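Worksheet: the structure to be examined is printed underneath.
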Amino acid sequence: MVDVVANHMGYPSGCCWDVRCNQTQYNNFSGFTPFNEKQYYHNYCQITNWTNKLEVENCRLADLPDLNQTNDYVQQTLLSWIKNLTGFYNIDGIRIDTVPLMPKDFWKKFGEASGVFQIGEVSNQNTEYIAGYQGPLTSVLHYSMYYALQNVFQKKMSFKNIQRVIKEDQLAFKDASVLGGFLDNHDTHRFLNMSKDLSLLQNALAYTLMAKWIPIIYYGTEQGFHGGGDPWNRESLWPYYNTSHPLYKLLVITTNIGKNGSMAVTLSNLPYKNAGRNY
């Protein structure tokens, strides 16, 4: 699987996420190939209201040049690119960045052109909103369950938070079994940054790996990494890779249970802690 972005380009020369530029510099597209002209982009504006669909789909995320997918050249170039990328490298699936920042009709064309499994990033707590992008795409990252897991395992709220989202899934999604389940990622604080309790993480990982979805484990979780927000959650894995770490061992045991399709492993060897008082 490969991670792809179709919404925006990188920063123009001399600009960066931590290096501010003026509007003229942000609109300098001369260094981009093949989208090196102003006509390929939306007019300059920033997303300030994430509930405004028009603004979200046409303005910039963090000053990144926002491609105009309604432009025929931009659209056809992106569709040809993803088709060639997946075909030439024999890719099995794609993870798509910032999905709500582009119209659903574009994603339907993009997914069909890819010819492979697609899972989109739709960062939102509302299950029904997230589910709206399954159809145009094969699947999405399950952000509403991510927040439910935070409530249960971080804030020690009721397990009914998980039950509620499972019920919402049954009504909202075409196929909840292909959703991407996760505890943290490159855009969130790591689990151990918010709570140092290793047993809470172990319980949360057990759920993530056993639930009816596609489990996603962020690198470094198995090493107990505890970075905060971006970029502190993107630590170097080397030279810290340790197959003797208790979290690494837990992941090995739990994934083997899933592979074997049974509970053959002695569960008394797995740590347990009551993370929520009310069931």
- prompt: Looking only at segment 212-225, which residues are in a loop (DSSP other than H, G, I, E, B) and at pLDDT 95 or above?
  reply: TRP213, ILE216, ILE217, TYR218, TYR219, GLY220, GLY224, PHE225
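Scan segment 197-226 residue by residue and report those that are farther than 22 Å from ASN260 by Cα and either of a type in the set (Ser, Thr, Tyr) or buried (at least 17 other Cβ atoms within 10 Å of the Cβ) (or both). Full working, then the answer.
Of segment 197-226, the ones farther than 22 Å from ASN260 by Cα are 197-201, 218-221, 223-226.
The answer is SER199, LEU200, LEU201, TYR218, TYR219, GLY220, THR221, GLY224, PHE225, HIS226.
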statement: Here, helices (runs of 4 or more DSSP H) confined to segment 71-142 with at least 3 residues that are free of Cβ contacts under 8 Å to residues at least 40 places away in the same chain and in contact with a Leu (Cβ under 8 Å, 6 or more places away or on another chain) are 104-114
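Does SER123 fit the bill of being open to solvent by 50 Å² or more (accessible area, probe 1.4 Å), hydroxyl-bearing (Ser, Thr, Tyr) and either closer than 23 Å to ALA206 by Cα or modelled with pLDDT of 95 or more (or both)?
yes
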- line: Reported set for segment 115-147 where residues are within 19 Å of LYS167 (Cβ to Cβ) and of a type in the set (Val, Ile, Thr) is THR127, ILE130, VAL140
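The values are calculated or read from the model by the stated rules, or taken from the named source; none is laboratory data. Because the structure is a prediction, the values reported are computed rather than measured. Heads up, the Cβs are rebuilt from the backbone with ideal geometry, glycines too, and the neighbour counts pull from every protein chain shown. Surface accessibility is based on the protein's heavy atoms, side chains included, excluding ligands, DNA and RNA. Shrake-Rupley method; radii C 1.70, N 1.55, O 1.52, S 1.80 Å.
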